[in-house]
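One structure below.
The values are calculated or read from the model by the stated rules, or taken from the named source; none is laboratory data. What you are looking at is a predicted structure, and each value in this text was computed from that prediction instead of being measured. So basically every Cβ, Gly included, is an ideal-geometry build from the backbone, and we count neighbours across all protein chains shown.
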């Protein structure tokens with residue numbers, strides 16, 4: 001009987017140790033999957049360099065090239081064809097052998113092609129294309145890759161594989177570059193917006209169902225409101241998410257990342 005009890009206690013101890021080790025592994029995995037500041041800077045710089053190349057060579061993509069105001073929302077389709085220099089296939093849907101999930105983007109390096117399903121909204125197609133461009137540039141070892149419809153909110157999920165997080169950062173900078181976004185924000189709204197900002201009352205007119213106390217206490221509420229706002233008092237402007245052709249949540253996250261909504 002004593003031996004049995006000793007054995008049971010030992011099993012419980014080993015079980016506790018096993019659970020502790022599992023928790024430690026999970027914490028380590030989350031830590032490893034976080035992009036550090038140095039790598040994040042490299043990713044944003046890579047996106048800026050690609051944008052600059054596109055701007056310099058815009059005469060190759062357009063018969064009548066746009067000025068900087070007409071450069072956004074970014075024409076990711078022209079970027080693939082004229083700068084990346086590979087085929088862009090645009091079927092209504094992407095056929096798949098197994099229905100594991102709905103595919104919106106497909107990279108096939110062996111035949112130099114990116115495929116983007118056209119059934120999705122423009123902001124989804126834009127971010128998904130930017131995401132596939134990111135894989136093409138950042139991960140040359142990736143030969144074939146499929147993606148679900150991407151709207152930009154995926155950046156909130158730190159459990160995603162590191163490679164996916166990297167291309168999310170790249171794609172966000174590509175379609176919502178910080179220099180242009182800060183400039184447009186300044187023209188439309190002025191200085192960065194904080195939790196006790198008096199402008200919140202003017203912005204709240206767009207969402208009367210959201211209370212001022214919610215806006216003051218919840219940063220995501222503020223950033224979503226700013227992303228979709230069309231006016232500030234008597235001043236009207238194109239909403240930020242429309243100006244850059246992205247989803248509201250993608251714009252809200254970028255506003256927070258850049259410190260434009262505090």
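Computed values, structure above
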| item | result |
| --- | --- |
| Residue that is in contact with a strand residue (DSSP E or B) (Cβ under 8 Å, 6 or more places away or on another chain) and either over 22 Å from residue 119 (Cβ atoms) or in a loop (DSSP other than H, G, I, E, B) (or both), where the choices are 181, 202, 187, 174 | 202 |
| Checking residue 201 against (1) over 23 Å from residue 130 (Cα atoms); (2) in contact with a helix residue (DSSP H, G or I) (Cβ under 7 Å, 6 or more places away or on another chain); (3) buried (at least 16 other Cβ atoms within 10 Å of the Cβ), the condition it does not meet | (3) |
| Given (1) at pLDDT 90 or above; (2) under 21 Å from the mean Cα position of the chain (by Cα); (3) surrounded by fewer than 17 Cβ atoms within 10 Å (Cβ to Cβ); (4) not in a helix (DSSP H, G or I), index of the condition residue 101 fails | (1) |
| Members of the stretch 218-241 that are outside any loop (DSSP other than H, G, I, E, B) and surrounded by fewer than 16 Cβ atoms within 10 Å (Cβ to Cβ) | 220, 231, 235, 236 |
| Within the stretch 36-84, helices (runs of 4 or more DSSP H) holding 2 or more residues that are touching a strand residue (DSSP E or B) at 6+ places or on another chain (Cβ under 9 Å) and touching a residue at least 40 places away in the same chain (Cβ under 8 Å) | 76-79 |
| So residue 237, is it closer than 28 Å to residue 77 by Cα, without any contact (Cβ under 8 Å) to a residue 60 or more places away in the chain, more than 18 Å from the chain's Cα centre (by Cα) and not assigned by TED's automatic domain parsing to the domain that holds residue 127 | yes |
| Leading residue by the ranking (surrounded by the most Cβ atoms within 10 Å (Cβ to Cβ)) among those in the stretch 143-154 that are over 15 Å from residue 109 (Cα atoms) and without any contact (Cβ under 8 Å) to a residue 60 or more places away in the chain | 150 |
| Residue 119 out of contact with any strand residue (DSSP E or B) (no Cβ under 6 Å at 6 or more places or on another chain), outside any helix (DSSP H, G or I) and within 24 Å of residue 242 (Cα to Cα) | yes |
| Top-ranked residue in the stretch 242-262 [being buried (at least 19 other Cβ atoms within 10 Å of the Cβ) and in contact with a strand residue (DSSP E or B) (Cβ under 8 Å, 6 or more places away or on another chain); ranked as nearest to residue 51 (Cα to Cα)] | 255 |
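For (1) surrounded by fewer than 16 Cβ atoms within 10 Å (Cβ to Cβ); (2) outside the structural domain of residue 43 (by TED's automatic domain parsing); (3) modelled with pLDDT of 95 or more, each residue gets a yes or a no:
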{"site": "122", "(1), (2), (3)": "yes, no, yes"}
{"site": "134", "(1), (2), (3)": "no, no, yes"}
{"site": "141", "(1), (2), (3)": "yes, no, yes"}
{"site": "156", "(1), (2), (3)": "yes, no, no"}
{"site": "160", "(1), (2), (3)": "yes, no, no"}
